[in-house]
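Just below is one structure, and these are the notes that go with it.
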Amino acid sequence: MQQWWVYMVRCADRSLYTGICTEPARRFHEHNHSPKGARYTRVRRPVEPILLVPGGDRATASQLEARLKKLSRTNKDKLLAALREEKRRAPLSIWLEDS
């Protein structure tokens, strides 16, 4: 079974984009440099990866992606802040944001 990932990127306009992929490095490169990047991010470059979590199979990753996309911006910011605080307590290898 192929590993799927759920990710979130912060765009140049400070908006957040959430997606799924099987090759995160390739997908982040596409968002920043390729016409294969999502239409939303193509006009908001550069994008910065801020969250990457394993999603299991495609169905499970899609379900998590949908749940994250349904969150309000305020709740997304709260989630990211909580994960940032967790990182301070116990560093996570999947956390990408430095701040």
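Can you tell which of L83, L52 is in contact with a helix residue (DSSP H, G or I) (Cβ under 9 Å, 6 or more places away or on another chain), of a type outside the set (D, E) and at negative phi?
Numbers: L83 fails: in contact with a helix residue (DSSP H, G or I) (Cβ under 9 Å, 6 or more places away or on another chain).
L52 is the lone residue from the list that is in contact with a helix residue (DSSP H, G or I) (Cβ under 9 Å, 6 or more places away or on another chain), of a type outside the set (D, E) and at negative phi.
Take the residues in segment 1-19 that are under 14 Å from R58 (Cα atoms) and buried (at least 18 other Cβ atoms within 10 Å of the Cβ), then tell me which one is nearest to the chain's Cα centre (by Cα).
Ranking the candidates gives Y7 first.
Name the residues in segment 1-50 that are out of contact with any Gly (no Cβ under 6 Å at 6 or more places or on another chain) and among the acidic types (D, E), would you?
Hits for segment 1-50 are D13, E23, E48.
Scan R88, R67 and give me the residue that is more than 24 Å from A25 (Cβ to Cβ) and at pLDDT below 90.
R88
Quick one: A66 ticks every box in (1) within 14 Å of the chain's Cα centre (by Cα); (2) surrounded by 13 or more Cβ atoms within 10 Å (Cβ to Cβ); (3) in a helix (DSSP H, G or I) bar one, so which box is it?
A66 satisfies all of (1) within 14 Å of the chain's Cα centre (by Cα); (2) surrounded by 13 or more Cβ atoms within 10 Å (Cβ to Cβ); (3) in a helix (DSSP H, G or I) except (2).
Please identify the pairs in which a residue from segment 68-91 that is over 17 Å from P54 (Cβ atoms) has its Cβ atom under 6 Å from the Cβ atom of a residue that is assigned to a helix (DSSP H, G or I), counting only partners at least 6 apart or on another chain.
From segment 68-91, no pairs qualify.
What pairs can you find where one residue is in segment 26-54 and more than 15 Å from C11 (Cβ to Cβ), the other is basic (K, R) and surrounded by 13 or more Cβ atoms within 10 Å (Cβ to Cβ), and their Cβ atoms are less than 9 Å apart, with a gap of 6+ or different chains?
Close Cβ pairs (under 9 Å, with a partner that is basic (K, R) and surrounded by 13 or more Cβ atoms within 10 Å (Cβ to Cβ)) amount to S34/R42; P35/R42; K36/R27.
Quick one: in segment 20-58, of everything that is hydroxyl-bearing (S, T, Y) and surrounded by 12 or more Cβ atoms within 10 Å (Cβ to Cβ), which residue is farthest from K78 (Cα to Cα)?
The selected residue is T22.
The values are calculated or read from the model by the stated rules, or taken from the named source; none is laboratory data. Quick caveat, the model's predicted, so the values are computed rather than measured. Cβ: placed from backbone, ideal geometry, glycine included. Neighbour counts: every protein chain shown.
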